[in-house]
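Written out below as structure tokens is the structure these notes cover.
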Amino acid sequence: MKKSVKYSLALVLMLSLAASGIIILSPIKAQAVTTTLKIAQGGDPITLDPYDSWDSASNDVILNIYDQLVMYVPSTLQFRPGLAVGWQILPNTTIIFNIRRNVTFHNGDPMTPYDVWWSLQRVLPLYLRSALFNSSYINNATANPHHWNWSEYDGDRESFVWLLFEPVKDIRMADIGFWGNTTFTGENATAGDGWDEIVVEFSEPFAPGLSLFSYAATSIVNWKVATELGPHGMKFAPVGAGTGPFKFNSWILNYKVVLDKWENYWGQVPHVDRVEFQTILSASSRTLAIKTGMVDLLYPESADWYDLKSDPNIETWQEAGLGTRYISFQCLQNVTGRMFGILSNTTVRKALSYAINYDEIINGELFLNGLATRMTQPVVPAIEWAYNSSIKPEDEGGILPIYNITKANEILDSLGIVDVDGDGIRDIKGWTNSSDDFKLIYGYNIGNAVRERVGTLLKDSFAQIGVDLEIQGDEWSVFLYDKIVNGAYDIWMLGWGPDYIDPDTYFYPLFHSKFIWSTNGAGVNISSVDTMLEQARAETNQTIRAQLYKNVTNILINEYVWAWCYIPDNLYAWRTTVTGFKHSPLDQMDDLEYVEITPSAGAGIPVEVIAIIVGVVVAVAVIGGIAYWRKGAPA
Amino acid sequence: MKGLYAYIIRRLILLIPVVLGVMLLTFILMHSIPGNPVAYLGGSGKLPPDAVEKLIKIYGLDQPLFIQFFLYLANVFQGNLGTSISVNPGANITDLILTAFPHTVELTIYSSIIMVLVGIPAGVISAKKRNSLTDNVTRVGALIGVSMPVFWLGIMLQIVFGVAIPIFPLLWAGIHEPAVKATGIYLIDGFLSLDFRTIVDSIMHYALPSIALGALSLSIVTRMVRSSMLEVLGEDYIRTARAKGCSENATIYRHALRNSLLPATTVIGLQIGGLLGGAVLTETVFAIPGVGRLITDAILKYDYPLVMAGVLFIAIIYIIANLVVDVLYAYLDPRIRY
């Protein structure tokens, strides 16, 4: 064969391969007729049945499929009407919700007060549920064949969050006349013909009660659908069960959950047509995925935070979250045989508070690397009305201790705790029953790298004030349920997350003396604190409550019961193609109906170019191979 | 041939004690790890202790270990692998594995193609041109391939071909799903329904993971083919072939290659068996919902029944792959008889 013929054949082959490549690949480009918001999650949801849900991956999906009676104004912690258009909080421990009219479920069923009642009773403790179902009130009022088999529905399983609903005494439908009608039609009642109030009674005054009805677990589900689908169906494919802005499309286990826009949503109709929650286990893959635009939104990894922040195609949001991290002192006088009791002295605790390098913990690369905010008081800034923003660290003109070794030394010296025997460690004879050296034990849970490193940091700075620190790591359950509650550590680091969105959760379990030996590990035992916390819990006037919490805060700060350490920040990252994302202080991806997305301008190499490159490479390989074969191998 | 059938049946019967042993071992190992699935679900104190206790009862985790084991065995022999506890609570495990498996199979298909199509020629050429530059490059390449951690190679491929030069999709996620899912293996489904988009998307999405995964097997196969080829090239019959004037290519490909492929078959067969068992790291890095990732997830979350079922599944696949290799031997080498 002549060379020119060979070359032209080769050229034809290359071109035809490239052309076929373009033809084959071109449908890939011609996609994107709908707008899809893709969200990367680190794990699969556990369930899509609200009453059973407690993990964040499940809650994020559930909050978009279902609505709750009470919801939040986007990006804030202020309540707004959800499926309840309004509510009254009566002083005698009762909340009355007025149910929204003209709301339809995703299958077209109208939402009725019975749906609300049915959904709410599911989260209650078992004994209360059976009482509700057996009450003559329900049995007489409705001839509902589903009543008797309620326990068959989910066996004897209780909701994972039932404990929070223990203060609830009764939930019932009522016709108080908000809409002005009186005909009771039971489960067939449609919102509008009366009986569209839900009355919730608490067994004791419980001011935070309202926030319970904003939980994902208290989402309102279509009871007919739920009964038909059964527990398995509700868990994996709740079609038509919710009223939320997005309806369930599909869930491919360990891959993705797909939700479609619900056109008849009673609130803001979503801008995007579809939301996909993709499960991407590997953290580095998630980061690469958002950098290349494969996903639009995620909770960033703290390790990749600064990388994402510097990316021009990505927007980030950082804000103090709802959890707190503190270093607690054992304040009780005599806990066990080995306790010094020296930390029961407020001034000693004050001195130690000055020997903690808060700045290093918050900004140090080995610690939070700038992804946290200094904690100043028990409650977090997101709960604005109870937060006292005038409390600041000393370097910002406030009163909170900052890292100041000199001051810590001065305070200890002034107490007369000095190094007598010259071994570099202060001696505390007379303060203790067991030892001469000022020696403390710091506890942390094994596996928590930050807490372990904080131990090392403390050991180092405590050495500078003549205090010897022994670091002791324990397994989580031993750490929490054995060591802390039995006073085996002098100081330890621990976190707290709110059970409900109310200051009560940041005070009552942690500082009321009734919880000493459990959640009040520090052993705070101040009667005025107890009184005020009980008052605040029963009070319905928010101004009075706020004042009570601020008073308690002042006492606790002046008592130095904790070293107020930091609040981990909520982190969000999204592509610049996404607009209208509402970053919830609750660290959840609610309110996706406000998100708009503009298709990106096809970054990367065009498909045609790839096709040509592939075509050329294949052609060269084929021709080369043939030529090589014909020529025979060189010896 | 009669001997062969008897042999196969004998081997299949041998499966039973092996499977029992695997199950017992896995069971003991899983239960000796501190922690349990319910504690995982209730981790960080989010589940009330009461709920934890109830779940432990529901799943029978309060029973003595040997009773748990025999209950499990009884269920398995009735074809009931149980339901997942903590990975996808309540999901049927057979379903979970059967949904995940096609993705692993597809990954294996691509990796095996790379392994065979690149590994064997590379080994042959390397042996043919012993001690040349080509040989040295191949050998060093194979050494690198064997020593490179899969997850590292995966991330590097992602960064180079997914981010810097965005030719291939970064992750498996986002793959075009075929309209008709007959087999669950998208490549085959695409061909069955003549859906070119699915075929191309499958090739594009599996390119990086199969290269990352294939690199190791590829290197092993190359080294194996090279050494057995060198051995065969020294045999008398090769000298005879050359002496009778056979062309070099015919000598190499017709006489030498066939004989040198015998040991390579073993390696390839076992590699494929191993790949089918799930490429944990590759599947994790590229977010492929395959068997390997499912089982890792199960181990991390103490999902006892899922781990047991997964290990059982892998063990059976591995044993069958072994059996197939042995049978192939008889076919490839007429001297071998069972």
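When you check A:Gly466 against the structure, is it buried (at least 18 other Cβ atoms within 10 Å of the Cβ), assigned to a loop (DSSP other than H, G, I, E, B) and in contact with an Asp or Glu (Cβ under 7 Å, 6 or more places away or on another chain), yes or no?
yes
Taking the stretch A:541-558, which residues are free of Cβ contacts under 8 Å to residues at least 12 places away in the same chain, over 19 Å from A:Lys392 (Cα atoms) and assigned to a helix (DSSP H, G or I)?
Passing the criteria: A:Thr543, A:Ile544.
Somewhere in the stretch A:39-55, is a residue open to solvent by 50 Å² or more (accessible area, probe 1.4 Å) and either modelled with pLDDT under 75 or of a type outside the set (Asp, Glu) (or both)?
For the stretch A:39-55, residues open to solvent by 50 Å² or more (accessible area, probe 1.4 Å) and either modelled with pLDDT under 75 or of a type outside the set (Asp, Glu) (or both): absent.
Look through B:Val163, B:Val180 and report the one residue that is touching a helix residue (DSSP H, G or I) at 6+ places or on another chain (Cβ under 9 Å), β-branched (Val, Ile, Thr), without any contact (Cβ under 8 Å) to a residue 24 or more places away in the chain and not in a loop (DSSP other than H, G, I, E, B).
Only one candidate qualifies: B:Val163.
Please determine whether any residue of the stretch B:318-335 is open to solvent by 20 Å² or more (accessible area, probe 1.4 Å), of a type in the set (Phe, Trp, Tyr) and either outside any helix (DSSP H, G or I) or more than 30 Å from B:Leu4 (Cα to Cα) (or both).
Scanning the stretch B:318-335 turns up no residue that is open to solvent by 20 Å² or more (accessible area, probe 1.4 Å), of a type in the set (Phe, Trp, Tyr) and either outside any helix (DSSP H, G or I) or more than 30 Å from B:Leu4 (Cα to Cα) (or both).
Would you point out which residue out of A:Glu452, A:Glu365 is open to solvent by 60 Å² or more (accessible area, probe 1.4 Å), of a type in the set (Asp, Glu) and part of a helix (DSSP H, G or I)?
A:Glu452
I'd like to check something: does the stretch B:192-206 contain any residue that is touching a residue at least 24 places away in the same chain (Cβ under 8 Å), away from chain A (no Cβ under 14 Å) and either open to solvent by 60 Å² or more (accessible area, probe 1.4 Å) or assigned to a helix (DSSP H, G or I) (or both)?
yes
Would you please list the contacts, defined by Cβ atoms under 7 Å and residues six or more apart or on different chains, that run from a residue in the stretch A:387-401 that is open to solvent by less than 20 Å² (accessible area, probe 1.4 Å) to a residue that is of a type in the set (Gly, Ala, Ser)?
Final answer for the pair search is A:Ile391/A:Gly398; A:Pro401/A:Ser353.
Hey, among B:Leu143, B:Leu157, B:Leu107, which residue is modelled with pLDDT of 90 or more, within 14 Å of another protein chain (Cβ to nearest Cβ) and more than 30 Å from A:Pro231 (Cα to Cα)?
Being modelled with pLDDT of 90 or more, within 14 Å of another protein chain (Cβ to nearest Cβ) and more than 30 Å from A:Pro231 (Cα to Cα) holds for just one of B:Leu143, B:Leu157, B:Leu107, which is B:Leu157.
Looking at (1) within 14 Å of chain B (Cβ to nearest Cβ); (2) surrounded by fewer than 22 Cβ atoms within 10 Å (Cβ to Cβ); (3) at pLDDT 90 or above, find the lone condition where A:Leu229 falls short.
Condition not satisfied by A:Leu229: (3).
When you check A:Val418 against the structure, is it over 30 Å from A:Val73 (Cβ atoms) and surrounded by 15 or more Cβ atoms within 10 Å (Cβ to Cβ), yes or no?
no
Assess whether A:Asn409 counts as being outside any loop (DSSP other than H, G, I, E, B) and surrounded by 14 or more Cβ atoms within 10 Å (Cβ to Cβ).
Yes, satisfied.
Can you pull out the residues in the stretch B:153-182 that are among the β-branched types (Val, Ile, Thr), open to solvent by 60 Å² or more (accessible area, probe 1.4 Å) and under 22 Å from B:Thr99 (Cα atoms)?
Within the stretch B:153-182, B:Val180 is the sole residue that qualifies.
Would you point out the residue of the stretch A:281-302, among those that are more than 7 Å from chain B (Cβ to nearest Cβ) and without any contact (Cβ under 8 Å) to a residue 24 or more places away in the chain, that is farthest from A:Pro568 (Cα to Cα)?
Among residues in the stretch A:281-302 that are more than 7 Å from chain B (Cβ to nearest Cβ) and without any contact (Cβ under 8 Å) to a residue 24 or more places away in the chain, the one farthest from A:Pro568 (Cα to Cα) is A:Thr287.
In the stretch A:78-90, is there at least one residue being open to solvent by less than 40 Å² (accessible area, probe 1.4 Å), more than 14 Å from every other protein chain (Cβ to nearest Cβ), farther than 30 Å from B:Ser86 by Cβ and at pLDDT below 90?
Yes, the stretch A:78-90 contains a residue that is open to solvent by less than 40 Å² (accessible area, probe 1.4 Å), more than 14 Å from every other protein chain (Cβ to nearest Cβ), farther than 30 Å from B:Ser86 by Cβ and at pLDDT below 90.
Quick check on my filter: what residues within the stretch B:124-133 are among the hydroxyl-bearing types (Ser, Thr, Tyr) and away from chain A (no Cβ under 11 Å)?
B:Ser126
Inspect all residues belonging to the stretch A:245-255 and state whether any of them is assigned to a strand (DSSP E or B), charged (D, E, K, R) and within 12 Å of chain B (Cβ to nearest Cβ).
no
For A:Leu308, are the conditions met, namely being within 14 Å of chain B (Cβ to nearest Cβ) and under 18 Å from the mean Cα position of the chain (by Cα)?
No: the conditions fail for A:Leu308.
For A:Gln278, work out the one condition from (1) open to solvent by 40 Å² or more (accessible area, probe 1.4 Å); (2) within 14 Å of another protein chain (Cβ to nearest Cβ) it doesn't fulfil.
Among (1) open to solvent by 40 Å² or more (accessible area, probe 1.4 Å); (2) within 14 Å of another protein chain (Cβ to nearest Cβ), the lone unmet condition for A:Gln278 is (1).
Filter the stretch A:384-406 down to residues that are within 17 Å of A:Val348 (Cβ to Cβ) and part of a loop (DSSP other than H, G, I, E, B) and give me whichever is nearest to the chain's Cα centre (by Cα).
My answer is A:Pro401.
Which one of these is within 14 Å of another protein chain (Cβ to nearest Cβ), surrounded by 17 or more Cβ atoms within 10 Å (Cβ to Cβ) and either at pLDDT 85 or above or under 21 Å from B:Ser210 (Cα atoms) (or both): B:Pro121, B:Pro102?
B:Pro102
Does the stretch A:285-301 hold any residues that are in contact with an Asp or Glu (Cβ under 9 Å, 6 or more places away or on another chain) and open to solvent by 60 Å² or more (accessible area, probe 1.4 Å), and which are they?
None; the set is empty.
The values are calculated or read from the model by the stated rules, or taken from the named source; none is laboratory data. Note that the structure is a prediction, hence the values are computed from the model and not measured. Here Cβ is always computed from backbone atoms with ideal geometry, including for glycine, and neighbour counts include all displayed protein chains. Surface areas here come from the heavy atoms of the whole protein model, side chains and all, with no ligands, DNA or RNA. Shrake-Rupley method; radii C 1.70, N 1.55, O 1.52, S 1.80 Å.
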